[in-house]
Amino acid sequence: MHFEHPLNERIRKFLRLEFVLTQARHPLHGRTAWDARATLGHLLEILDTLGRSDIKSELIAELDRQSQHLERLRQRDGVDQSQLSEVITRLRQLVDRLHALPGQPGYALRHHELLTTFRQRAAIPGGAAPFDLPALHCWLNQPHEKRQLQLEHWLGEFDLLAECVETHNRLIRETARRSQEVAHQGCFEQTLDPERPYQMLRISLPSDSGLFPEISAGRHRLTLRFMHQPDLSQRVVLYRENVPFRLACCGMMS
């Protein structure tokens, strides 16, 4: 299992977007009204995550930066030029599609009456019960096929956003300096190269280890403490044995 830690606010935002966009698709094909309601809740979470930020401009800037970095790799020996050209072309196409997108992703959904009402009531514990939102209750009891088409249409507003965020994050993950490390008595420290603008850290452990890292990281230093919680009713504690793990420091050069 992989534990990721963003090293700047933009990457933090893109990781959160990737998470909520992926999450929203999970219950989409369920056939019950509860599945449809869960998808609506995730849709609102996407809108809340986007907030008031100019996500389109941020993505254009980041994808442009990645394209420029990859262009510089053309001069290096041993680079697969065909694969490199394919990735650069894809990045440029995504940038062009973002430029052609009118407004911000999901702008129209922010003013949709049913979604706006659901959003207001959902902020109240139990406030979105059927007697509070009869219009939503009526819609949720429509045939599955009708609900499905509507949900796919709403989520389709974010297809380009999801494609751009996934492409960006995947490239960041792939440009990693990887190493096998050991946390002695559960603790690990490492000095980071300030000349290398790392954007994300990935710590990998066996999925059955029962451990997870507490991560503190900045531009110059990384500190890890591996924790465990054998009994969920007890407090999390430091694991005081040596912990082998894989560390990936991810980020493209400026």
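The values are calculated or read from the model by the stated rules, or taken from the named source; none is laboratory data. Here the structure is a predicted model, which means the values were calculated and not measured. As a convention, Cβ positions derive from the backbone with ideal geometry for all residues, glycine included, and neighbour counts pool all protein chains shown. In case anyone asks, the SASA skips ligands and DNA or RNA and just uses the protein heavy atoms, side chains included. Shrake-Rupley method; radii C 1.70, N 1.55, O 1.52, S 1.80 Å.
Some values worked out for this structure:
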{"read-out": "Considering residues of the range 206-221 that are part of a loop (DSSP other than H, G, I, E, B) and not acidic (Asp, Glu) only, the residue surrounded by the most Cβ atoms within 10 Å (Cβ to Cβ)", "value": "Ser209"}
{"read-out": "Residue selected from the range 70-87 under the condition more than 22 Å from the chain's Cα centre (by Cα) and open to solvent by less than 50 Å² (accessible area, probe 1.4 Å), by the criterion farthest from Thr175 (Cα to Cα)", "value": "Ser85"}
{"read-out": "Wholly within the range 77-160, helices (runs of 4 or more DSSP H) carrying at least 3 residues that are over 20 Å from Arg37 (Cα atoms) and at pLDDT 90 or above", "value": "81-100"}
{"read-out": "Selection count, the range 5-46, where residues are closer than 30 Å to Met252 by Cα and open to solvent by 60 Å² or more (accessible area, probe 1.4 Å)", "value": "8"}
{"read-out": "Filter result (of a type in the set (S, T, N, Q) and in contact (Cβ under 8 Å) with a residue 60 or more places away in the chain) within the range 141-190", "value": "Asn141, Gln148, Thr167, Asn169, Thr175, Ser179, Gln180"}
{"read-out": "Matching residues, the range 26-51, being under 22 Å from Asn169 (Cβ atoms) and more than 13 Å from the chain's Cα centre (by Cα)", "value": "His26, Leu28, His42, Leu43, Leu47, Asp48, Gly51"}
{"read-out": "Answer residue from the range 164-192, given it is open to solvent by less than 10 Å² (accessible area, probe 1.4 Å) and among the hydrophobic types (A, V, I, L, M, F, W, C) and is farthest from Leu247 (Cα to Cα) among those", "value": "Cys164"}
{"read-out": "Residue within the range 193-205 that is open to solvent by 60 Å² or more (accessible area, probe 1.4 Å), assigned to a strand (DSSP E or B) and among the hydrophobic types (A, V, I, L, M, F, W, C) present", "value": "no"}
{"read-out": "Selection from the range 28-71 of residues that are of a type in the set (S, T, N, Q), more than 16 Å from Ala162 (Cβ to Cβ) and not in a loop (DSSP other than H, G, I, E, B)", "value": "Ser57, Gln66, Ser67, Gln68"}
{"read-out": "Test: Arg202 is closer than 30 Å to Pro27 by Cβ, among the basic types (Lys, Arg) and in contact (Cβ under 8 Å) with a residue 12 or more places away in the chain", "value": "yes"}
